[in-house]
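Enquirer: Have a look at the structure that comes next, please.
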Amino acid sequence: MVFFPIVNILNKKGLLIEFSILSLKMRYTGTYLGFLWTIIEPLLIFLLLHTVFTGMNIGVKDNFAIYLLSGIVFYHIFTRGTLAGMASLRENIGILKSINIQREFFPVASTLTISILAIIEITILVGLMPIFQFVPSLTMLLIPLPVILLLILILGMSYLLSIIHIYIKDIQTIWSIIVQALLFVSPIFWYISDVSGLLLNIQSINPLGQIIELNHQIIILGQIPPILDWVYTSLYVLAILFLGYALFKKYEKKITEEL
Amino acid sequence: MSNAIEVKNLTKTFSIKTIGLFKKIQSSKNKNDKIIALNDITFSVKEGEVVGIIGHNGSGKTTLLQTIAGLYTPDSGNITVNGSLAPVLQIGSGFQPELRATENIMIYGMLLGLSKNEIKDKITPIMEYAELEQFSDLKLKHFSSGMQSRLAVSIVFQLNPDILLLDEILAVGDSDFNKKCFETFISLTKKNKTILVSTHSLNLLPLFCDRVLLIDKGKLITISSPDEAVKKFNDLMTSNKN
């Protein structure tokens, strides 16, 4: 056994892919719009917030629509990814109680499922740019980097939340409140240059906010973010990944009996 | 002949937890309650040997199989397993109700260690063995529990592990399927497979078991010939009644 996320289940690549694709299929089974919800859900949040903020006409700048939409897409991927990751062990109680498989398989499979959805959502975001008469710059080619950081963050949080969820079910409610708060404390509909005090302090320790800001610089400003911003965010996200993984490994032994 | 399974001084306890803040305060005097599920159990199973496990409900049979399968971590003691192992515990519980039968076979088979191509080739034989060919595209949620059990047993019988851990699979499906299942089980015992099987079907034990392990309240009472173990079990039942 190697103490490194994912490495121990690399021999189960085929199963991971199959499991993730079927999980995706199950997610929308029984709904009328099925897979279309992947697109509709963030678009509805976008329309709501866009209507409110352009109507209020406070601090709306050029390309606000794309600024808002890109923030919402990242927030939506994070929210859905961490909620699914948190439930990944409990949802597979039947398998865990009958087959001996590495427990970390489930948060990883959940993150893989979300990665497929993330690619679709980001593609749609880019596809919508011409509608808002937005001309992307070459820095757009860097988009995969914040997306990778976001997926690493989701994996780290999935390890952490899924293991806490085994022992303390209240985390489900607590995390739902936290992700709602993240919508307001992340630079999704406000600009970092316009805020100060507590909100700015929260932003400096908010990994999702950091990733969204990197993405805004790449897309909206057409700039390559400073190297220090990349290093800070990457180290922060990796620290969460390893912390989540360490806690997961420490408490995974009793998962079956706690379930 | 070497040992396929070695269990030494195995002890497993479960904590009784009180969930809820107010309940916790109320029951704070009784904290640290524990149930001893397995108490210092030692035995070994030789390669190719078929060993039955008998005991009352709640005696520790399933916990023993689950601990050998690696689903539970022992409190103390050691378990050594030499060879590939396929556990069939809580039959069919790993199925996904929203997926079709063939998709479930794919996932279940891959979880049990088969490659995608291996399990693809086995889908038809599995559905045929389970006598569920016409339901291949039906979601599992529409299957009866008997149909789900037949499917799970069929998947396991198509695998080729060195060691099988079976929990109560000899009473699956209707009488015809049960008979077919029993015949397959007997054919497996002749293929030098090591099998550890828990059952309440005491009359069947002498037909396929080399030895039988009797457990009561988590303690190993005996590991002996089927007739002797069944006799001790009956004596135990009589003494418990008295």
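The values are calculated or read from the model by the stated rules, or taken from the named source; none is laboratory data. This one's a predicted model, so the numbers in the text were calculated from it and none came from an experiment. As a convention, Cβ positions derive from the backbone with ideal geometry for all residues, glycine included, and neighbour counts pool all protein chains shown.
Enquirer: When you go through B:Q96, B:Q66, B:Q90 one by one, which is the residue that is in a loop (DSSP other than H, G, I, E, B), buried (at least 16 other Cβ atoms within 10 Å of the Cβ) and under 14 Å from the mean Cα position of the chain (by Cα)?
Expert: Working: B:Q96 fails: under 14 Å from the mean Cα position of the chain (by Cα); B:Q66 fails: in a loop (DSSP other than H, G, I, E, B).
On inspection, the qualifying residue turns out to be B:Q90.
Enquirer: How about the stretch B:46-56: which of its residues are closer than 25 Å to B:L114 by Cα and either within 14 Å of chain A (Cβ to nearest Cβ) or within 14 Å of the chain's Cα centre (by Cα) (or both)?
Expert: Of everything in the stretch B:46-56, just one residue is closer than 25 Å to B:L114 by Cα and either within 14 Å of chain A (Cβ to nearest Cβ) or within 14 Å of the chain's Cα centre (by Cα) (or both), namely B:V50.
Enquirer: Ok, one more. Any residue at all in the stretch B:117-136 that's buried (at least 22 other Cβ atoms within 10 Å of the Cβ), within 14 Å of chain A (Cβ to nearest Cβ) and on the phi > 0 side of the Ramachandran plot?
Expert: In the first step, residues of the stretch B:117-136 are kept if they are buried (at least 22 other Cβ atoms within 10 Å of the Cβ); the result is B:119, B:126, B:130.
Okay, now just the ones that are also within 14 Å of chain A (Cβ to nearest Cβ), so B:119.
Within this subset, residues satisfying the condition of being on the phi > 0 side of the Ramachandran plot are none.
No, that holds for no residue.
Enquirer: Right, next: Six or more apart or on different chains, Cβ under 6 Å: which pairs go from a residue in the stretch A:153-176 that's under 25 Å from A:Q210 (Cβ atoms) to one that's outside any helix (DSSP H, G or I)? Could you list them?
Expert: A:S162/A:S88; A:S162/A:L89
Enquirer: Determine which member of the set B:T184, B:T222 is in contact with an Asp or Glu (Cβ under 9 Å, 6 or more places away or on another chain) and either surrounded by 15 or more Cβ atoms within 10 Å (Cβ to Cβ) or within 22 Å of B:R150 (Cα to Cα) (or both). Steps first, please.
Expert: Values: B:T184 fails: in contact with an Asp or Glu (Cβ under 9 Å, 6 or more places away or on another chain).
After applying the criteria, what remains is B:T222.
Enquirer: Right, next: Across the stretch A:211-259, what is the total count of residues that are of a type outside the set (D, E) and either within 14 Å of chain B (Cβ to nearest Cβ) or touching a strand residue (DSSP E or B) at 6+ places or on another chain (Cβ under 6 Å) (or both)? Before you say what the answer is, go through the steps one by one.
Expert: Just the residues of the stretch A:211-259 that are of a type outside the set (D, E), to begin with: A:211-212, A:214-228, A:230-251, A:253-256, A:259.
Checking which are either within 14 Å of chain B (Cβ to nearest Cβ) or touching a strand residue (DSSP E or B) at 6+ places or on another chain (Cβ under 6 Å) (or both) leaves us with A:249-251, A:253-256, A:259.
So the count comes out to 8.
Enquirer: Looking only at the stretch A:42-50, decide whether some residue is part of a helix (DSSP H, G or I), surrounded by 13 or more Cβ atoms within 10 Å (Cβ to Cβ) and in contact with a Ser or Thr (Cβ under 8 Å, 6 or more places away or on another chain).
Expert: no
Enquirer: Go through the stretch B:99-125 and report how many residues are farther than 23 Å from A:N92 by Cα and either in contact (Cβ under 8 Å) with a residue 24 or more places away in the chain or within 19 Å of the chain's Cα centre (by Cα) (or both).
Expert: Of the residues in the stretch B:99-125, 2 are farther than 23 Å from A:N92 by Cα and either in contact (Cβ under 8 Å) with a residue 24 or more places away in the chain or within 19 Å of the chain's Cα centre (by Cα) (or both).
Enquirer: Hey, among B:I223, B:I195, B:I163, which residue is in contact with a Phe, Trp or Tyr (Cβ under 6 Å, 6 or more places away or on another chain), farther than 17 Å from B:Y129 by Cβ and among the aliphatic types (A, V, I, L, M)?
Expert: Details: B:I195 fails: in contact with a Phe, Trp or Tyr (Cβ under 6 Å, 6 or more places away or on another chain); B:I163 fails: in contact with a Phe, Trp or Tyr (Cβ under 6 Å, 6 or more places away or on another chain).
Going through B:I223, B:I195, B:I163 in turn, just one is in contact with a Phe, Trp or Tyr (Cβ under 6 Å, 6 or more places away or on another chain), farther than 17 Å from B:Y129 by Cβ and among the aliphatic types (A, V, I, L, M): B:I223.
Enquirer: Mind checking which residues of the stretch A:61-89 are crowded, with 21+ Cβ neighbours inside 10 Å and outside any helix (DSSP H, G or I)?
Expert: Correct list: A:S88, A:L89.
Enquirer: Take the conditions without any contact (Cβ under 8 Å) to a residue 12 or more places away in the chain, away from chain A (no Cβ under 14 Å) and not charged (D, E, K, R) and apply them to B:T189. Does it pass?
Expert: Details: without any contact (Cβ under 8 Å) to a residue 12 or more places away in the chain: no; away from chain A (no Cβ under 14 Å): yes; not charged (D, E, K, R): yes.
Taking the combined requirement at face value, the residue does not satisfy it.
Enquirer: OK, next. Given the criteria touching a strand residue (DSSP E or B) at 6+ places or on another chain (Cβ under 9 Å) and either buried (at least 18 other Cβ atoms within 10 Å of the Cβ) or not charged (D, E, K, R) (or both), does A:T29 qualify?
Expert: On the way: touching a strand residue (DSSP E or B) at 6+ places or on another chain (Cβ under 9 Å): yes; either buried (at least 18 other Cβ atoms within 10 Å of the Cβ) or not charged (D, E, K, R) (or both): yes.
Yes, satisfied.
Enquirer: For the stretch A:126-233, which helices (runs of 4 or more DSSP H) that fit wholly inside it have 3 or more residues that are β-branched (V, I, T) and surrounded by 15 or more Cβ atoms within 10 Å (Cβ to Cβ)? Before you say what the answer is, go through the steps one by one.
Expert: Details: elements: A:144-167, A:171-185, A:198-204, A:207-219.
The helices (runs of 4 or more DSSP H) meeting that bar are A:144-167, A:171-185, A:207-219.
Enquirer: For the list (1) closer than 28 Å to B:K232 by Cα; (2) assigned to a loop (DSSP other than H, G, I, E, B); (3) hydroxyl-bearing (S, T, Y); (4) within 10 Å of chain A (Cβ to nearest Cβ), I need the number of the one condition that B:S59 fails.
Expert: For B:S59, the exception is condition (4).
Enquirer: Return yes or no: is B:S76 exposed (fewer than 14 other Cβ atoms within 10 Å of the Cβ), out of contact with any Pro (no Cβ under 9 Å at 6 or more places or on another chain) and of a type in the set (S, T, Y)? If you could, list the steps in order and put the result at the bottom.
Expert: Details: exposed (fewer than 14 other Cβ atoms within 10 Å of the Cβ): yes; out of contact with any Pro (no Cβ under 9 Å at 6 or more places or on another chain): yes; of a type in the set (S, T, Y): yes.
When the stated conditions are applied, B:S76 passes them.
Enquirer: Select from the stretch B:97-123 the residues that are modelled with pLDDT of 85 or more and polar (S, T, N, Q) and list them in ascending order.
Expert: Within the stretch B:97-123, B:T102, B:N104, B:N117 meet the criteria.
Enquirer: Moving on to the next point. Go through B:N192, B:N178 for me and flag whichever is modelled with pLDDT of 80 or more and among the polar types (S, T, N, Q). Outline the logic, then answer.
Expert: Details: B:N178 fails: modelled with pLDDT of 80 or more.
Of the residues listed, the single one that is modelled with pLDDT of 80 or more and among the polar types (S, T, N, Q) is B:N192.
Enquirer: Can B:G83 be described as within 8 Å of chain A (Cβ to nearest Cβ), small (G, A, S) and under 30 Å from B:I41 (Cβ atoms)?
Expert: Working: within 8 Å of chain A (Cβ to nearest Cβ): no; small (G, A, S): yes; under 30 Å from B:I41 (Cβ atoms): yes.
It is false that B:G83 is within 8 Å of chain A (Cβ to nearest Cβ), small (G, A, S) and under 30 Å from B:I41 (Cβ atoms).
Enquirer: Now a separate question. Yes or no: the stretch A:90-106 includes at least one residue that is farther than 25 Å from A:S162 by Cα, of a type in the set (K, R) and surrounded by fewer than 21 Cβ atoms within 10 Å (Cβ to Cβ). Write out each step before concluding.
Expert: Keep residues of the stretch A:90-106 that are farther than 25 Å from A:S162 by Cα, which gives none.
No: the stretch A:90-106 contains no residue that is farther than 25 Å from A:S162 by Cα, of a type in the set (K, R) and surrounded by fewer than 21 Cβ atoms within 10 Å (Cβ to Cβ).
Enquirer: A further question on this structure: With the requirement that a residue be without any contact (Cβ under 8 Å) to a residue 40 or more places away in the chain, within 14 Å of chain B (Cβ to nearest Cβ) and not hydroxyl-bearing (S, T, Y), what does the stretch A:1-49 give you?
Expert: A:M1, A:N11, A:K13, A:G14, A:E18, A:L22, A:K25, A:M26, A:G30, A:G34
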